[in-house]
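The values are calculated or read from the model by the stated rules, or taken from the named source; none is laboratory data. The structure presented is a predicted model; accordingly, all values stated were derived computationally and were not measured. Note that we place each Cβ from the backbone using ideal geometry, even for glycine, and neighbour counts take in every protein chain shown.
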Amino acid sequence: MSGGGDMNEGRGMSGGMGKGGGMRNAFAAEWTKLWSLRSTWWALAISMGLMTVMAFTVGRSVVDNNTNAQSGDDQGIVSVSGTAISSVDLVQFVPVALAILMVTGEYASGMIRPTFTWVPSRGRVLAAKALVVTSVVIPLGVLLGVVGTVAAGFALGDWGRFSWTDATSDILAFALYLGLVCVFALGVATLLRSTAGTLTTAFLGLMALPMLLMGPAASRPLAENLPSSAGRTFMGIAEDAPYRGSIGLAVLVAWTVASLLFGRFILVRRDA
């Protein structure tokens, strides 16, 4: 019942009756659970492999466009790191799936009830999960950016332009985007509880809808302010960016915060 969630939340706010009522212990519990799963290690390995393949493929596409008989598709010399992070559309779904499973996996297995027993404050549980996601995904994003830049550099050859300043900026922006979009997905997972439903929603919101809505002039403003579109503008890889990169970051942060707040609101008011 909804009262149970409020009672649990209230107990957590007053100090907690279960084990690990504090944020430090809640974070430690979520961290341990994440790294005890084989799926976590598989997700990291798959994301690395996918980033390598996608960055190399995008780089080869640039080379092919520049060297074919048609001049209309020439891109010239391009940024190596910029080419690498333009692979984000597909690569992002691996860490996003990992973030989603941190919530939906517990509902599917029934582990969510022991979680709320150990940490009675449901809001604290969600905050701890969000902190763990950012602590894992942002460093992962940096590593993926480095790997992708190396792969894109091999593919581009003389058609690539490398700058340490650009690479650092691009990779950090890519890592921050991944961290935010994964926390956004975590909030959506808290609302839906279903792995399939949340993955479908994430795919629609991050990939399908922006492409569908970008065509008609009437829906373009909506498409430009969806999380992934704002993120692409922030990372500097959007075509015809509608606003500055800093505004794109602000829009993405707003989506992430709203997702977490709404997720917390629902979480503390319904049964586990």
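From F154, F162, grab the single residue that is in contact with a helix residue (DSSP H, G or I) (Cβ under 6 Å, 6 or more places away or on another chain), surrounded by fewer than 16 Cβ atoms within 10 Å (Cβ to Cβ) and hydrophobic (A, V, I, L, M, F, W, C).
Checking each option against the conditions leaves just F162.
For (1) touching a strand residue (DSSP E or B) at 6+ places or on another chain (Cβ under 8 Å); (2) within 30 Å of P120 (Cβ to Cβ); (3) surrounded by fewer than 11 Cβ atoms within 10 Å (Cβ to Cβ), each residue gets a yes or a no:
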{"site": "A28", "(1), (2), (3)": "no, yes, no"}
{"site": "R38", "(1), (2), (3)": "no, yes, yes"}
{"site": "M51", "(1), (2), (3)": "no, no, no"}
{"site": "F56", "(1), (2), (3)": "no, no, no"}
{"site": "N65", "(1), (2), (3)": "no, no, no"}
{"site": "D74", "(1), (2), (3)": "no, no, no"}
{"site": "S79", "(1), (2), (3)": "yes, no, no"}
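Go over the candidates A230, A258, A238 one by one and state the one that is small (G, A, S) and not in a helix (DSSP H, G or I).
A238
Considering only residues of the range 106-144 that are of a type in the set (S, T, Y) and modelled with pLDDT under 95, which is surrounded by the fewest Cβ atoms within 10 Å (Cβ to Cβ)?
Top of the filtered list is S109.
Restricting to the range 112-140, count the residues that are free of Cβ contacts under 8 Å to residues at least 60 places away in the same chain and either under 21 Å from A175 (Cα atoms) or not in a helix (DSSP H, G or I) (or both).
Total meeting the criteria: 5.
Among R264, R193, R269, which is the only one that is closer than 19 Å to A130 by Cβ and surrounded by fewer than 18 Cβ atoms within 10 Å (Cβ to Cβ)?
R269
List pairs: first in the range 178-206 and modelled with pLDDT of 95 or more and assigned to a helix (DSSP H, G or I), second surrounded by fewer than 18 Cβ atoms within 10 Å (Cβ to Cβ) and among the aromatic types (F, W, Y), Cβ under 7 Å, 6+ apart or cross-chain?
G187/F262
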